[in-house]
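One structure is given below, encoded as structure tokens.
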Amino acid sequence: MSEAAQPSAGQPSTSEMRLVIAASSMGTVFEWYDFFIYGTLSAILTKAFFPADNATLATLLFWLVFAVGFGFRPLGAVLFGFLGDRLGRKYTFLVTVTLMGIATAGVGLIPSADAIGLAAPALVILLRVLQGLALGGEYGGAAVYVAEHAPPERRGYFTSYIQASVVGGFVLSLIVVLTCKGLMPDDVWKAWGWRVPFLLSLALLGISLWMRLKLSESPVFQAMREEGELAGNPFVESFTYPGNKRRIFIALFGIAAGLTVIWYTAMFTGLSFLTSAMRVEDTRAQIIVGIAATLGMGFYLYFGHLSDRIGRKRPIVWGYALTLLAMFPAFFLMGTHANPGLTFISRHVPVVVSGPECSYSPFHAEQATNCGKLLGDLTALGVPYSIKNEAYGEPQITVAGQDLPLSTYVWGDKAARSKQLQGWLDTAGYDLTKVSPGLGDSLMIGLALLVMMALSGATYGPVAALLSEMFPARIRYSSMSIPYHIGTGYFGGFLPVISGYIVAKTGNPYNGLWYTWGVVLMAFVVAAWGLKGGPPRDYGDDAA
């Protein structure tokens, strides 16, 4: 049996290939919808399941639980990769999509924390674990399945539909949320209507299962099974097969880590940046991000197709290099047009906090020092600030060189002092009400997001084909899933928590981007060093 990615017994017909792509892609859309719906409803779920006196703490706890799902993706990759290499590609990703659908619907049935206390976040964590396990098996199954059906000369293009489907899941989550919000009165939506998008996953599960049950097994897997060449223990062989440790290292640090942080920064950080730091009205921000993501899916298909012509390495390395240059300007452009008034006042009327022990801990419900309380109040309001530590004295806040009268500050009442501080800032010109950017500004925001989507498409579009070609067929499902889900699960899954923590600690809404920049720099170095250039090649066609 050849270790090449292409089927050994003829190519599937055009209609068969369309079914393979449609069923695999739609299943991936639905599964990522299930996973992303949690992040799309972040504001309302935080209040329902993670109430806390410290709004920043509640938000970080929410994103920490979001990261839990990602953290379990590598375990799912090991488990379902083993099953996929031993039992088959088709039936394994039937199991993963079923598990995901049931777990997602379960989130919609959990009573709020007000009703059952700590049991609510505990149940959410449990279901996020199940989602993470399912997602750990989904991507490898869908990517390998399409790659093993695709003709070699079109493998990048055909598998890029799987990559675009990840974005499709995010877009679908936004569409469902916006539709449900539009059809329900606001009080109904906030009371129980937000549960409907979770329960709809059962309908999506039914459609996905119906489509995937029509598929046959991968021809590559069928041939290996007939010839008795299945791996005995795919997990062990992934780390003992000659040269595989090096390939896994490159796949983890040079591919999965980099592409993931670019994608999550483009969509999740972009959406959070608009709604929190820039105080854009939620629905408007979701519409802008949703349109940009929908248009951006074309970049995934384009770069997948391009990689069939110029090789897999060049789009990925170019994408990393351009991300390092363009990410901060793209977000500066986004901020300038999202809320011009707030951007102007932040630059020309700076807020400076000074005093002894002037530090802020996002993981404390209440800060130990008065200066810390002041920083916490500013962070909760989303107001950028700089810190000037003093050896002694009382804490002070200066706005455009003018000291605010903290002698009257209500230090013992968080709600009262927050209202007091907001009044002072409003007098100084800080309008903290939600805004809805006009058409021109919305187009510029969309342009900035499209730049990020193009960079994501360049690094993400060719990846399913590249990973399939990097590893031998007998352990392909496991070998590509393990590094992919470690990279996406930890580097990407913890991005909202880490970047949010950096922003909370520094008071600068752009500083969280440095996490993405650092990871992309690492990926650029590893990919430039480790990936082979030239035209696409199947595993075994070179000595790598």
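The values are calculated or read from the model by the stated rules, or taken from the named source; none is laboratory data. This one's a predicted model, so the numbers in the text were calculated from it and none came from an experiment. Neighbour counts are summed over all protein chains in view; Cβ atoms, including those assigned to glycine, are modelled from backbone coordinates with ideal geometry.
Assorted remarks:
- Residues considered: LEU19, LEU41. Of these, the only one that is crowded, with 16+ Cβ neighbours inside 10 Å, within 23 Å of GLY137 (Cβ to Cβ) and modelled with pLDDT of 75 or more is LEU19.
- Those helices (runs of 4 or more DSSP H) of the stretch 280-394 in which at least 3 residues are crowded, with 18+ Cβ neighbours inside 10 Å and within 21 Å of the chain's Cα centre (by Cα), considering only elements entirely within it, cover 282-310, 313-338.
- Single match in LEU432, LEU447 (criterion: part of a loop (DSSP other than H, G, I, E, B), of a type outside the set (D, E, K, R), under 26 Å from TYR510 (Cα atoms) and touching a helix residue (DSSP H, G or I) at 6+ places or on another chain (Cβ under 8 Å)): LEU432
- The set of residues in the stretch 339-358 being farther than 26 Å from LEU271 by Cβ and in contact (Cβ under 8 Å) with a residue 40 or more places away in the chain consists of HIS348, VAL349, PRO350, VAL352, VAL353, SER354, GLY355.
- Hey, LEU378 in the same structural domain as ALA454 (by TED's automatic domain parsing) and either of a type outside the set (Asp, Glu) or closer than 30 Å to VAL451 by Cβ (or both) or not: no
- Some residue of the stretch 472-484 being of a type in the set (D, E, K, R), more than 16 Å from the chain's Cα centre (by Cα) and over 30 Å from LEU378 (Cβ atoms): yes
- The stretch 75-111, residues that are modelled with pLDDT of 75 or more and basic (Lys, Arg): ARG86
- The helices (runs of 4 or more DSSP H) found wholly in the stretch 142-214 and carrying at least 1 residues that are over 25 Å from the mean Cα position of the chain (by Cα) occupy 155-183, 186-191, 201-213.
- Residue within the stretch 57-74 that is assigned to a helix (DSSP H, G or I), closer than 22 Å to GLY290 by Cβ, β-branched (Val, Ile, Thr) and modelled with pLDDT under 80 present: yes
- Here TRP514 clears all of (1) farther than 30 Å from TYR161 by Cβ; (2) touching a residue at least 60 places away in the same chain (Cβ under 8 Å); (3) outside any loop (DSSP other than H, G, I, E, B) except the condition numbered (2).
- Residue list for the stretch 487-501, filter: surrounded by fewer than 22 Cβ atoms within 10 Å (Cβ to Cβ) and either farther than 23 Å from THR379 by Cα or at pLDDT 85 or above (or both): TYR490, ILE498
- Search result, residues across the stretch 402-419 that are in contact with a helix residue (DSSP H, G or I) (Cβ under 7 Å, 6 or more places away or on another chain) and of a type in the set (Gly, Ala, Ser): SER418
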